[in-house]
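Quick notes on the structure that follows.
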Ligand SMILES: [Zn+2]
């Protein structure tokens, strides 16, 4: 069986459908929680599934350094290792080498770098990235690419994009023929329309199972990101999934889906859960704030997650202030649940041809802000 993509409805540029893999279906638009070190922090895998997630993201860079891809392969692959039997997408390691590793040296061949964990020397190339993602057993593999931080000059963005396109061809060659596994190309080109178009053409000529829009959410701001998303998805084939990497806040996600994106990932809901930042239909709440300490009401009275069904704001405030582990567990669960609720609502709205009305209500509710203090 191959990985396939079926579009079931469109509403404007927004699309809904399903990616079918040997490990289960991924309903799109899909949000992928991030399981950096073979765990979505503070969550059990079945809890992640209960929030509505169909697929997780794993990080090649982190897993190759610790515990090591060969070790995970010997232990039966990433799915078994972390007890998540549903689909996993792994990134290529390229982005995190650039953002986390020390003493990087970039060449045509690849990148050598020093581990941020123990200072050891490593090399990532398109070929090694494909090998690591094969050892992990990931269902959706990403091409190895170079993503420059913005702002960068057009010359720098063009150089990185063209190198990434040569690496994409090497990634495809090294990936080979692996039934049941998909390889996605990554479009680069920063905020430059001509470079985005050149990148898309290069990728489509190589031919991939899906296409990512890379190199966004790297400091350009939402308006510039949406400007790119107004045209970039249109350069990609209609019949393949489109994945926006590393995005984002709830309104970024809604804006991306509106512009034709099918998949996204971000650490924000899980990371924010550990720092007391809560996403709700009424915007963002800081649970640390003293206004919550006597409040018996839930974070969101309409939310069905365990944090909202069983606990008051006062309790969540208390366990956060006391640095109790359950604070990270409950707030992460709520945030992931809220993100998946947005995805489900968008899938339904697109299927029923009422995305614009749903989007207007989404923004209106957020503009109202949090419930008034008692
Ligand atoms: Zn909740």
Subject >> Computed label-point distance, nm, for sites residue 80 and residue 275 using a 7 Å Cα→Cβ extension >> reply: 3.8 nm
Original post:
What is the Cα coordinate range of region 273-368 on the first, second and third principal axes, sorted by size from largest, in whole angstrom?
Top reply: 46, 23, 20
Original post:
Where does helix 355-368 land angle-wise versus the long Cα axis of the chain, in degrees 0 to 90, nearest 10?
Top reply: 50 degrees
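Among DSSP beta bridges whose residues both lie in region 4-266, state the antiparallel percentage, nearest 5.
45 percent
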Original post:
Given the Cα atoms of region 164-286, and with Rh set as the inverse mean 1/r over their pairs in the Kirkwood sense, what is Rg to Rh to two decimals?
Top reply: 1.02
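Estimate the FRET efficiency between residue 20 and residue 289 by the formula 1/(1 + (r/R0)^6), using the beta-carbon distance for r and 45 Å for R0, to the nearest 0.05. Write out the running numbers ahead of the final one.
Numbers: r = 44 Å, r/R0 = 0.99.
Result of the calculation: an efficiency of 0.50.
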Original post:
So if we plug the beta-carbon distance of residue 323 and residue 71 into 1/(1 + (r/R0)^6) with R0 = 35 Å, what FRET efficiency do we get, rounded to 0.05?
Top reply: 0.65
Original post:
By how many degrees, between 0 and 90 and to the nearest 10, does the Cα long axis of helix 126-136 differ from the longest principal axis of the chain?
Top reply: 50 degrees
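How long are the three semi-axes of the equivalent ellipsoid of the chain, in whole Å, if each is the root of 5 times an eigenvalue of the C-alpha gyration tensor, listed from largest down? Write down the numbers at each step before the final one.
Details: eigenvalues 220, 118, 80 Å².
Working from the Cα gyration tensor, I get semi-axes of 33, 24, 20 Å.
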Subject >> Between 0 and 90°, nearest 10: helix 154-175 axis offset from the chain longest Cα axis >> reply: 80 degrees
Original post:
Using 19 Å as the cut-off for backbone N distance, which residues of region 78-106 belong to the label zone defined by a point 7 Å from the Cα of residue 120 along Cα→Cβ?
Top reply: 78, 93-94, 96-98, 100-105
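So if we plug the beta-carbon distance of residue 222 and residue 166 into 1/(1 + (r/R0)^6) with R0 = 35 Å, what FRET efficiency do we get, rounded to 0.05? Mind dumping the intermediate values first?
On the way: r = 31 Å, r/R0 = 0.89.
Here the calculated transfer efficiency is 0.65.
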Original post:
What order, most packed first, do the peptides 254-264, 68-78 have when packing is the mean number of other Cβ atoms within 10 Å of each residue?
Top reply: 254-264, 68-78
**OP:** Which order do the peptides 127-134, 360-367, 17-24 take when ranked by the mean count of other beta-carbon atoms within 10 Å per residue, highest first?
**Re:** 127-134, 17-24, 360-367
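Ranked highest first by the average count of other Cβ atoms within 10 Å around their residues, in what order do 181-188, 296-303, 244-251, 271-278 fall? All intermediate terms of the calculation are to be shown ahead of the outcome.
Numbers: 181-188: 26.9, 296-303: 15.8, 244-251: 21.4, 271-278: 19.0.
Ranking the peptides 181-188, 296-303, 244-251, 271-278 by packing returns 181-188, 244-251, 271-278, 296-303.
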Original post:
So for the pair residue 205, residue 8, with labels modelled 7 Å out along Cα→Cβ, what separation do we get in nm?
Top reply: 3.7 nm
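Quick note: the coordinates plus some simple rules give every number you see, no bench work behind them. The structure displayed is predicted, hence computed values, not measured ones. Methodologically, a virtual Cβ is constructed for each residue, glycine included, from the backbone with ideal geometry; neighbour enumeration extends over all protein chains shown.
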